[in-house]
Amino acid sequence: MVAPAVRLLAALAPVALLVAAPPLTGCGGAAAPDAHVCAGAGVCGAGYCVAGRCRPADALPSPIDARRVLLPPADLAVLAEHGGDGVPDAVALGREGGGDVVLLLRFAPDFGAGAEIASAFVVLEPTPGAPPAERAVPLEVARILEPWHSNTATWGRQPRLSLPEAAAVVRRRPATPLRIDVTPLVRDWARRRKDDHGIAILAPGSDAVGAAYSMGISQGVGPLLEVYVR
């Protein structure tokens with residue numbers, strides 16, 4: 001088994017950018033709204049598919065009275081089952097040839113222990129010009145339960161994770177930024193859980209092409225944490 005791609009993105013300082021909080025937009029759907037993950041219209045019944053989840057029509061994922069905080073990762077590692085040394089400009093999540101992929105993200109939030117987290121999303125930017133996946137790619141998310149560092153994390157030496165949960169379904173088209181809802185995990189940070197060491201995104205290698213997203217090495221901005229705080 002070949003060692004995975006691992007690299008510290010030292011250039012991304014954990015400094016928050018505070019801007020106004022516009023409501024997120026999503027695709028209208030036509031089944032009862034709930035917390036099920038979705039990839040577009042036609043699967044959420046009377047609700048809407050917004051930021052990857054079926055939501056009631058009157059439930060905005062980003063309240064208009066919240067402020068939007070953008071955080072780059074303080075540390076990031078890409079663990080690929082069949083990866084090579086170094087980290088590519090883009091990671092093809094779900095690509096069968098690369099095997100399973102685990103994306104480790106640690107952030108340094110500064111919104112305080114008493115902050116009310118309305119919602120939070122990991123945002124991935126698609127690689128321009130990359131071919132679309134052959135089919136929708138499912139993603140899972142888990143809490144990282146022990147300390148880790150990108151210089152030492154490998155496919156065979158991964159930090160312990162919580163039980164993964166379905167988090168998103170990547171559509172084949174159009175190639176738009178992907179928002180993965182991680183609200184419960186970020187709310188736990190505000191409660192200062194001692195076993196919180198970041199977020200892991202898991203993608204099974206089951207598609208011939210996969211969905212390519214920028215890691216911010218030479219192009220794009222790389223992964224971001226988008227938090228709406230009251």
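Within the option set 157, 143, 187, 191, being assigned by TED's automatic domain parsing to the domain that holds residue 96, of a type outside the set (A, V, I, L, M, F, W, C) and under 24 Å from residue 96 (Cα atoms) holds for one residue only, 157. Suppose we keep only residues that are in a loop (DSSP other than H, G, I, E, B) and modelled with pLDDT of 80 or more within the stretch 173-182. Which one would you say is farthest from residue 95 (Cα to Cα)? Per the criteria, the residue is 182. With respect to the conditions (1) at pLDDT 75 or above; (2) farther than 29 Å from residue 217 by Cβ; (3) exposed (fewer than 15 other Cβ atoms within 10 Å of the Cβ), residue 110 falls short on a single one, namely (2).
In this structure, residue 72 qualifies as touching a Leu at 6+ places or on another chain (Cβ under 9 Å) and modelled with pLDDT of 65 or more.
Of all residues in the stretch 201-220, one or more are surrounded by fewer than 21 Cβ atoms within 10 Å (Cβ to Cβ), touching a Ser or Thr at 6+ places or on another chain (Cβ under 7 Å), in a loop (DSSP other than H, G, I, E, B) and of a type outside the set (A, V, I, L, M, F, W, C).
Within the option set 143, 135, being touching a helix residue (DSSP H, G or I) at 6+ places or on another chain (Cβ under 7 Å), over 22 Å from residue 89 (Cα atoms) and not hydrophobic (A, V, I, L, M, F, W, C) holds for one residue only, 143.
The residues on offer are 142, 130, and the sole one that is at pLDDT 75 or above, surrounded by fewer than 17 Cβ atoms within 10 Å (Cβ to Cβ), within 20 Å of residue 222 (Cα to Cα) and touching a strand residue (DSSP E or B) at 6+ places or on another chain (Cβ under 7 Å) is 130.
Would you check if there is a residue in the stretch 159-172 being within 14 Å of residue 50 (Cα to Cα), surrounded by 14 or more Cβ atoms within 10 Å (Cβ to Cβ) and either touching an Asp or Glu at 6+ places or on another chain (Cβ under 9 Å) or modelled with pLDDT of 90 or more (or both)? Scanning the stretch 159-172, I find at least one residue that is within 14 Å of residue 50 (Cα to Cα), surrounded by 14 or more Cβ atoms within 10 Å (Cβ to Cβ) and either touching an Asp or Glu at 6+ places or on another chain (Cβ under 9 Å) or modelled with pLDDT of 90 or more (or both), so the answer is yes. The residues of the stretch 183-200 that are in a helix (DSSP H, G or I), modelled with pLDDT of 90 or more and surrounded by 19 or more Cβ atoms within 10 Å (Cβ to Cβ), listed by number, are 185, 186.
Okay, residues lined up against (1) at pLDDT below 90; (2) more than 22 Å from residue 160 (Cβ to Cβ); (3) touching a Lys or Arg at 6+ places or on another chain (Cβ under 8 Å):
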residue	(1), (2), (3)
77	no, no, yes
89	yes, yes, no
92	yes, yes, no
99	yes, no, no
106	no, no, no
115	yes, yes, yes
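The values are calculated or read from the model by the stated rules, or taken from the named source; none is laboratory data. These numbers were taken from a predicted model, which means no experiment stands behind them. Because the Cβ atoms are built from the backbone with ideal geometry, glycine has one as well, and the counts that use them run over all protein chains shown.
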